[in-house]
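Single-structure report; data block below.
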Amino acid sequence: MRATVIHAPHDIRVEEVPDPAIRQPTDAVVRVLRACICGSDLWAYRGESARQPGQRIGHEFLGVVEETGAGVGGFAVGDLVVAPFVWSDGTCAYCAEGLTTSCPEGGFWGSVGSDGGQGEAVRVPYADGTLVKLPAAAASDDRLLTALLALSDVLGTGHHAALGAGVTKGSTVAVVGDGAVGLCGVLAARRLGAERIIELGRHSARTDIARRFGATDVVAERGEAALAAVRELTRGEGAHSVIEAVGTEQSMRTALDIVRDGGAIGYVGVPHGSASGVDLGVMFDRNIALRGGVAPVRTYIPELLPDVLDGTIDPSPVFDLSIGLDEVPAGYRAMDGRTALKVLITP
């Protein structure tokens, strides 16, 4: 089959690789119908996150089950399924608590020795604990299929950030980051009942989506001007909840500066290239809570799926460029150059 591999920074290729095969009774093989490029993939693409030459890449996909191991009981050949970005066994103490990303048997797609999502097919370990079945009819609905793909990562990650930030009905939320995760954070905040949602972003195409998703205000300024703008919008107090969806020291400092005393920051931006930007003394004095981390998306999919299916939420607009598998290197260049928000791949 064909799959995307990374050989060096800025060297992404689509190559012939061995077909996936059942190795353990709990495995399944899924033929990929939709995959995509994540903003976090860019850290490997730019050389800021180490990868071995020839390693697979991509961690978001949905598709059709083509084969199952003898130990798989929840799926059959032909089932339409979505995979969260981490596989998990579904039986350990962490999985029982909903923290599937800490499963001792779990792992990330594209890690050494595993298939990546940006390919024609994927071997799925622990299929019963990992995959979630989708309605078969969704396979013939392009828009719905694209919306469902967001369940594999960005929608659940935005939801995780909103929960970490303590978003409640009637609250004021600020979102730092106008990438796909930040925009899904806007969608999640609206779903949880936030009354005011302030998006911090400078790119009109992205902030237009933020408004479509429920943002009531957009702050395009940066630095001190941005902080002043948020304070002005919040009677000088700041936001009850702040979603941090970038992962840089500056973005975390911004989050701390705009959160209200007694508020909370939900952080899901993958940390990279700097210190945290967190001053515990400031957080202590102002009673600020900090919660977040790697989103246990598998836990959230059953809750979010019905709202995607009935159209209550529609994350599909975050995918603004659609390509075939052979065009994946160009897709990485587009996202790296910020000419695309999130690239959809149709193998």
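The values are calculated or read from the model by the stated rules, or taken from the named source; none is laboratory data. Bear in mind the structure is a predicted one, so any value in this text is a computation, not a measurement. As a convention, Cβ positions derive from the backbone with ideal geometry for all residues, glycine included, and neighbour counts pool all protein chains shown. The area values use the complete protein model at the heavy-atom level, side chains included, leaving out ligands, DNA and RNA. Shrake-Rupley method; radii C 1.70, N 1.55, O 1.52, S 1.80 Å.
Key figures for this structure:
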| item | result |
| --- | --- |
| Total residues in region 81-111, condition outside any loop (DSSP other than H, G, I, E, B) and either among the acidic types (Asp, Glu) or in contact with a Cys (Cβ under 6 Å, 6 or more places away or on another chain) (or both) | 2 |
| Residue check, Ala330 among the aliphatic types (A, V, I, L, M), farther than 20 Å from Val173 by Cα and open to solvent by 20 Å² or more (accessible area, probe 1.4 Å) | yes |
| Residue match in region 31-38 (condition: assigned to a loop (DSSP other than H, G, I, E, B) and either at pLDDT below 95 or closer than 20 Å to Gly129 by Cβ (or both)) | no |
| Scope region 54-84; condition among the acidic types (Asp, Glu) and in contact with a Leu (Cβ under 7 Å, 6 or more places away or on another chain); matching residues | Glu60 |
| Verdict on Lys133 being within 14 Å of Phe61 (Cα to Cα) and not in a helix (DSSP H, G or I) | yes |
| Cross-chain or 6+ apart pairs with Cβ under 6 Å, region 99-111 first and within 22 Å of Arg291 (Cα to Cα), then part of a helix (DSSP H, G or I) and among the polar types (S, T, N, Q) | Thr100/Thr299 |
| Candidates Gly193, Gly293 - the one that is under 23 Å from the mean Cα position of the chain (by Cα), more than 30 Å from Gly129 (Cα to Cα) and in contact (Cβ under 8 Å) with a residue 12 or more places away in the chain | Gly193 |
| For Ala76: the one exception among (1) part of a loop (DSSP other than H, G, I, E, B); (2) open to solvent by 40 Å² or more (accessible area, probe 1.4 Å); (3) under 24 Å from Val270 (Cα atoms) | (3) |
| Contacts under 6 angstrom Cβ, first residue in region 196-207 being of a type in the set (Gly, Ala, Ser), partner open to solvent by 10 Å² or more (accessible area, probe 1.4 Å) and part of a loop (DSSP other than H, G, I, E, B), 6 or more apart | Gly201/Asp178 |
| Within region 279-327, tally of residues that are open to solvent by 60 Å² or more (accessible area, probe 1.4 Å), modelled with pLDDT of 95 or more and either outside any strand (DSSP E or B) or polar (S, T, N, Q) (or both) | 14 |
| Arg260 being of a type in the set (D, E, K, R), on the phi < 0 side of the Ramachandran plot and crowded, with 19+ Cβ neighbours inside 10 Å | yes |
| Failed condition for Glu66, given (1) in contact (Cβ under 8 Å) with a residue 12 or more places away in the chain; (2) out of contact with any Phe, Trp or Tyr (no Cβ under 8 Å at 6 or more places or on another chain); (3) over 25 Å from Ala138 (Cβ atoms); (4) of a type outside the set (Lys, Arg) | (3) |
| Residue count, region 227-246 (criterion: open to solvent by less than 10 Å² (accessible area, probe 1.4 Å) and either modelled with pLDDT under 95 or acidic (Asp, Glu) (or both)) | 1 |
